[in-house]
Amino acid sequence: MSKKVIAILRGDYIGPEIMEAGLKVLDAASKDSSFQYETIDYPFGGAAIDQYSEPLPQQTIAGCKKTDAILLSAIGGPKWDTAKKRPEKGLLEIRNALGLFSNIRPTKVDPNLSHFSPVKQEILNETDFVIVRELTSGIYFGTPREQNEEKALDTTTYTAQEVKRILKIGFEMSMHRRKHVTIVDKANVLATSKLWRQVTEEFKKSYPEVTVDYSYVDAAAMKIITQPTAFDVIITANLFGDILSDEASVLTGSLGTIPSMSAGTDGPNLYEPIHGSAPDIAGKGIADPISMIQSIEMMLRESFNETLLADKIAAAVQKTIEDKIITPDLGGTATTQEVTANIVKNLKG
Ligand code: ATP
Ligand code: MG
């Protein structure tokens, strides 16, 4: 098998701390396997502003395009609050440059962390869904956008093409899962939602094994809390996905453990923790590395089809949590390094 190339964007504040932890785990897990890879570091975010006055330098775009996957750690923070160009601008730019029009967040809770969740353990144990959010269109990008003292205006636009390509990502994902897609929309009111349904009705004919249902976003928002087991793959527009994925993260109870993936049609996917750069705990050695480690696990599954390797990492993480070798955000007293070393130890069996 050819060597895979992974771009590393180390991030700011706790970013580099958890990236280092993640790469140690990847190194240990892949040691005795056929998975071969090399990593290349590129400047990005606040660190890139310091060095190149740009959150996303050209060399980073050009380099990332040539890789097989991108690992990104959290960026930004107070140091760049007054910068001409904010680190977060780099995120929008990299999504555009690489055509990453979808964002996927899993919701699955480790039974040993269920006490952090507002939902009952029995329900949580059966909860396992992903939200596939459209990322580069819809109301956040629509024009015209206008505002004066008396009136303001935002515009939501979707083309059939944009809907089809996000459906493709979600339906493909459902094929490796329970083959159940829920389209979340507001089709009783919005024209764009009606188009989503029309396109879905046609599109689903190519996936006869997949069960498709529709849910209005207000009903879905309740169901995520009251009946999260009803979902397998949720596919939804940018605004709805933004809100629902934050809501869903509350089910898991901890920001410090959740990964995400952004994908396009071709080219590398980007994997990153959902949390920010946590300036309040940077440099203290107590950042929870699990979000980054699970981002790597997701990369192995989705970009490299390395299911066994991903399962191995998942089991090692689960054992570490079970043994309560956990950082303060999860109620433990372990350091980032201790958690990482324990996961590496568990990998060795
Ligand atoms: P952003 O605007 O960048 O998303 P935010 O304001 O949402 O940032 P985060 O950086 O995500 O904030 O952090 C929110 C809280 O969660 C902070 O108190 C932070 O310390 C904590 N936190 C986030 N990630 C982790 C982690 N990996 N380990 C431990 N604590 C974390
Ligand atoms: Mg945030």
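Among residues of segment 13-48 being outside any helix (DSSP H, G or I) and among the hydroxyl-bearing types (S, T, Y), the one that is surrounded by the fewest Cβ atoms within 10 Å (Cβ to Cβ) is S34.
Filtering segment 170-184 down to residues that are aliphatic (A, V, I, L, M) and farther than 20 Å from V217 by Cα, which residue is surrounded by the fewest Cβ atoms within 10 Å (Cβ to Cβ)? Result: M175. Restricting K24, K89, K79 to those that are farther than 18 Å from M292 by Cβ and either in contact with a helix residue (DSSP H, G or I) (Cβ under 7 Å, 6 or more places away or on another chain) or away from ligand 1 (no atom under 15 Å from the Cβ) (or both) reduces the list to K79. Is one or more of the residues making up segment 157-167 more than 19 Å from T265 (Cα to Cα) and in contact (Cβ under 8 Å) with a residue 12 or more places away in the chain? Yes: one or more hits. Listed by first and then second residue, the pairs with beta-carbon distance under 9 Å, at least 6 apart or on different chains, first residue in segment 241-261 and more than 13 Å from D110 (Cβ to Cβ), second within 10 Å of ligand 1 (Cβ to nearest atom) and of a type in the set (D, E, K, R), are L255/D288; L255/D329.
Taking the stated definitions as given, is Q147 touching a Leu at 6+ places or on another chain (Cβ under 8 Å), of a type outside the set (D, E) and surrounded by fewer than 13 Cβ atoms within 10 Å (Cβ to Cβ)? The answer is yes for Q147.
Bear in mind that the values in this text are calculations on the coordinates, not laboratory data. Predicted model only: the values in this text are computed from it and were never measured. Glycine gets a Cβ as well: all are built from the backbone with ideal geometry, and neighbour counts include every protein chain shown.
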